[in-house]
Structures are given as C-alpha cells and as structure tokens.
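A.B. asks: I have a structure I would like to understand better, so I am pasting it below and will then ask my questions one at a time.
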Amino acid sequence: MLSQIRPAVVMIVLLTALTGIVYPLAITGVAQLALPAQANGSVIERDGTVIGSSLIGQNFASDRYFHGRPSATTGPDPADPSKSIDAPYNASNSMGSNLGPTSKKLVDRVNATIESEFAAGRVDVVAADAATTSASGLDPHISPQFALAQAGAVAKARNLSESQVRAVVEANLEGRVLGVIGEPRVNVLLLNLALDRLQ
C-alpha cells in the first residue's frame, strides 16, 4: 500500500510545484522582460503620479474633456451596504447591465442619455456608443464618430478652435488590429491627456 501512496504524493508535490510555482514565475518573468508596461496594467503616469490605465475607462464629468461611453457598473450604497447604486467605471465590479433589447428600463435609459446629450449641447449626432454601455462597463474607447461629435463642445469649453480639437482626435485614432480585427477607436484617457498637453 505504501508503494502506491508514495508515488501519488510525490506526483502531487511535483505537479503543484511545477504548475503552481515554477510556471507562474516563469510566465511573470517573461512578461516583465518582453512587455513590462502591459504586464503591470498599462498604467499611465503624469508628473510621477498614476492617473489611470489605458485599459480601464474613467468618468470624465467636465465639459473640458471628452466623455466615454456610459457605464453600467454598480457599487454598495453608502447609506445601506445591502443595496447597490450606480457607480460608473467601478473597476472592482466590472459588468454589463444584463438588460435585454425588450427591457423598458434599458429603452428609458438610452432615451434619457440621448436627450441629455442633446440638451447639454455636447453633440449634434448621437453615436451608438454614446448611449449604450459596454459588456464590461469599463471600456476605455469610444468610436471616432462619438469623439468627433463632442469636438465642438470640448473646443468651446477650452477656448480652442474646433479644427484644433478635431486634429487631436484624428492624431489619437487607433486602427483595426492587424488591419482587420475590431473597429477604429479612440482611447478617451489618452485623448484627454493629449488635449491637456495642447494647452
């Protein structure tokens, strides 16, 4: 019996060491050497201070900045932790709204977003991603259409010409991956940082 248990225990210890310690350390080492920025979360710093990640959207409220797509993430209600409230771009609770196309709540939210965008005078055409959330609720990108639709309002808030702001948008366009995967997009945080550098 001992002759059967001993090889089993040795294999458990060996495989645990290989797959639980050696392999993760090797992959971490390779990632740190080959792609250090990506391995550490694609963190963006300004003047030595971390201001965000290019992989996670942020809630920009000022008219001086481009706004990202709506976020459906939630967080605990400070008044009653057993309940949740809307908490846009809550990275600790990444999720979509889970509302289907026939949901009245979804239709009402999309219509309210469209009305508020028009009422604020931020856009003259509402792109699809201006009114819909992403699956994660943390999408850092918007479509070029949504970015260009906001250019006039951002230019006005910053006392710049619309052509200057549009040029910054065009300079920050990201194309399809390998020319065929995905859609052209603009990273909102990088775009807003480029605007800050412009002034």
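A.B. asks: Of the residues Gly57, Gly48, Gly68, Gly52, which is within 30 Å of the chain's Cα centre (by Cα), within 26 Å of Glu174 (Cα to Cα) and either loosely packed, with under 13 Cβ neighbours inside 10 Å or among the aromatic types (Phe, Trp, Tyr) (or both)? Please lay out each step first, then the result.
C.D. replies: Details: Gly57 fails: either loosely packed, with under 13 Cβ neighbours inside 10 Å or among the aromatic types (Phe, Trp, Tyr) (or both); Gly68 fails: either loosely packed, with under 13 Cβ neighbours inside 10 Å or among the aromatic types (Phe, Trp, Tyr) (or both); Gly52 fails: either loosely packed, with under 13 Cβ neighbours inside 10 Å or among the aromatic types (Phe, Trp, Tyr) (or both).
Within the list Gly57, Gly48, Gly68, Gly52, the selection yields Gly48.
A.B. asks: Something else about it: Collect the residues in segment 34-61 that are touching a residue at least 12 places away in the same chain (Cβ under 8 Å) and under 25 Å from Leu106 (Cα atoms), keeping them in residue-number order.
C.D. replies: Ile56, Gly57, Gln58, Asn59, Phe60
A.B. asks: Taking the residues in segment 120-155 that are charged (D, E, K, R) and buried (at least 16 other Cβ atoms within 10 Å of the Cβ) as candidates, determine which candidate is farthest from Phe60 (Cα to Cα). Before you say what the answer is, go through the steps one by one.
C.D. replies: Applying the first criterion (charged (D, E, K, R)) to segment 120-155 yields 122, 124, 129, 139.
Filter once more, so that each one left must be buried (at least 16 other Cβ atoms within 10 Å of the Cβ): 122, 129, 139.
Working: Arg122: 13, Asp129: 15, Asp139: 13 Å.
Once the filter is applied, the top-ranked residue is Asp129.
A.B. asks: Going through Pro101, Pro36 one at a time, which residue ends up being surrounded by fewer than 11 Cβ atoms within 10 Å (Cβ to Cβ), closer than 27 Å to Val126 by Cβ and of a type outside the set (Lys, Arg)?
C.D. replies: Pro101
A.B. asks: Yes or no: segment 88-108 includes at least one residue that is basic (Lys, Arg) and either over 19 Å from Leu195 (Cβ atoms) or outside the structural domain of Phe146 (by TED's automatic domain parsing) (or both).
C.D. replies: Yes, the conditions are met somewhere in segment 88-108.
A.B. asks: Of these, Val154, Val186, Val110, which one is assigned to a helix (DSSP H, G or I), under 26 Å from Val43 (Cα atoms) and either of a type outside the set (Lys, Arg) or under 16 Å from the mean Cα position of the chain (by Cα) (or both)?
C.D. replies: Unique residue meeting the criteria: Val154.
A.B. asks: A further question on this structure: Residue under question is Leu160, and the condition is that it be within 20 Å of Ser54 (Cβ to Cβ) and in a loop (DSSP other than H, G, I, E, B); does it hold? Step through it out loud before you land on a result.
C.D. replies: Details: within 20 Å of Ser54 (Cβ to Cβ): no; in a loop (DSSP other than H, G, I, E, B): yes.
No; evaluated as a whole, the condition is false for this residue.
A.B. asks: Does Asp129 meet the test of being among the charged types (D, E, K, R), touching a residue at least 60 places away in the same chain (Cβ under 8 Å) and part of a helix (DSSP H, G or I)?
C.D. replies: yes
A.B. asks: Tally up the residues in segment 77-107 that are hydrophobic (A, V, I, L, M, F, W, C) and in a helix (DSSP H, G or I), please.
C.D. replies: Going through segment 77-107 one residue at a time, the tally reaches 3.
A.B. asks: Of the numbered conditions (1) more than 27 Å from Ala155 (Cα to Cα); (2) at pLDDT below 85; (3) out of contact with any strand residue (DSSP E or B) (no Cβ under 9 Å at 6 or more places or on another chain), Asp86 satisfies every one except a single condition; which is it?
C.D. replies: (3)
The values are calculated or read from the model by the stated rules, or taken from the named source; none is laboratory data. Not measured: the values here are computed from a predicted model. Glycine gets a Cβ as well: all are built from the backbone with ideal geometry, and neighbour counts include every protein chain shown.
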